[in-house]
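Q: There's a structure below that I have some questions on.
The numbers here are math on the coordinates, done by the rules we state, and not lab data. Since the model is a prediction, treat every value here as computed from it, not as a measurement. Glycine gets a Cβ as well: all are built from the backbone with ideal geometry, and neighbour counts include every protein chain shown.
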């Protein structure tokens with residue numbers, strides 16, 4: 001499917017199983033209309049992966065930082081606003097699978113839809129090739145801006 | 001050091017670097033008195049690892065569960081009370097390195113000290129041998145109770 005291939009290019013990541021990326025891009029409205037799994041479960045997983053990977057990078061990078069400082073740094077990297085900025089930079093909106101109503105109401109531009117899809121993509125990469133691949137993607141998008 | 005070896009037995013895990021376990025057991029009061037690193041940084045890391053590992057296990061186990069259900073299940077497994085119960089079962093209190101005042105005030109029995117040390121130990125295992133080892137430990141302690 002063309003949309004999936006284009007999205008992979010933008011992400012700089014090729015999925016072993018393309019169905020994983022498709023699920024990560026599937027908003028609950030499209031899932032409901034087409035009786036498919038939505039990206040919400042992958043988002044649940046991606047959120048935890050992002051948190052761990054960023055924690056791990058900060059832990060190893062700032063050897064003298066106390067817990068409070070690490071927590072602050074993490075909060076500045078992992079939050080809805082930052083996720084949305086990255087998702088927009090990757091133009092994830094145009095790749096989303098949305099239900100008709102959601103699409104008509106501007107769901108492609110909605111910050112929460114974009115942030116959730118980005119977390120779901122992180123979950124999908126983790127499922128596809130494990131923690132190392134997810135770490136590579138997160139480093140590229142969250143630390144080299 | 002005898003305390004470290006005994007603690008390893010209780011945990012069912014042998015550290016490549018024993019200093020990691022020592023740091024995980026070091027309360028900030030002891031760290032302060034002896035100019036050593038406390039377990040707070042490892043706790044920061046361990047918290048994120050525990051969250052990810054439990055999320056991952058639940059994601060793969062409950063294929064039909066929606067995000068909300070997964071979140072609920074995770075909250076029932078990862079919380080201060082559960083951490084304290086496991087830490088007490090492992091009798092972590094007797095292994096803690098506490099400052100004199102903290103020890104005199106019953107710091108070995110304090111729930112937060114026990115829960116924090118358990119999270120720090122998870123962080124220490126992750127640093128020592130990676131995610132797979134941390135996952136094994138978490139499965140054993142959080143899922144086979």
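Q: Does the stretch B:35-72 hold any residues that are part of a loop (DSSP other than H, G, I, E, B) and facing chain A (nearest Cβ under 8 Å), and which are they?
A: Residues satisfying the conditions are B:65, B:66.
Q: Name the residues in the stretch B:88-112 that are in a helix (DSSP H, G or I) and surrounded by 23 or more Cβ atoms within 10 Å (Cβ to Cβ), would you?
A: B:92
Q: Let me ask you something else. Examine the stretch A:73-86 for a residue that is on the phi > 0 side of the Ramachandran plot and more than 10 Å from chain B (Cβ to nearest Cβ), and state whether such a residue exists.
A: Looking for residues that are on the phi > 0 side of the Ramachandran plot and more than 10 Å from chain B (Cβ to nearest Cβ), one finds none in the stretch A:73-86, hence no.
Q: So, in the stretch A:18-27, of the ones that are under 27 Å from residue B:48 (Cα atoms) and either out of contact with any strand residue (DSSP E or B) (no Cβ under 8 Å at 6 or more places or on another chain) or within 8 Å of chain B (Cβ to nearest Cβ) (or both), which residue ends up surrounded by the fewest Cβ atoms within 10 Å (Cβ to Cβ)?
A: Of everything passing the filter in the stretch A:18-27, A:20 is surrounded by the fewest Cβ atoms within 10 Å (Cβ to Cβ).
Q: Sticking with this one: Here is a list of conditions, (1) within 21 Å of residue A:95 (Cβ to Cβ); (2) within 13 Å of another protein chain (Cβ to nearest Cβ); (3) buried (at least 19 other Cβ atoms within 10 Å of the Cβ), and residue A:31 meets all of them except one; can you say which number that is?
A: (3)
Q: Report whether or not residue B:3 is closer than 24 Å to residue A:49 by Cα, more than 9 Å from chain A (Cβ to nearest Cβ) and touching a residue at least 40 places away in the same chain (Cβ under 8 Å).
A: no
Q: Residues of the stretch A:114-136 being surrounded by fewer than 21 Cβ atoms within 10 Å (Cβ to Cβ) and part of a helix (DSSP H, G or I), which ones?
A: The first filter runs over the stretch A:114-136 and keeps only residues surrounded by fewer than 21 Cβ atoms within 10 Å (Cβ to Cβ), leaving A:128-133, A:135-136.
Result: A:128, A:129, A:131, A:132, A:133, A:135, A:136.
Q: Here's something else I'd like to know. Kindly list the number of the only condition in (1) touching a residue at least 60 places away in the same chain (Cβ under 8 Å); (2) closer than 25 Å to residue B:9 by Cα that fails for residue B:48.
A: Among (1) touching a residue at least 60 places away in the same chain (Cβ under 8 Å); (2) closer than 25 Å to residue B:9 by Cα, the lone unmet condition for residue B:48 is (1).
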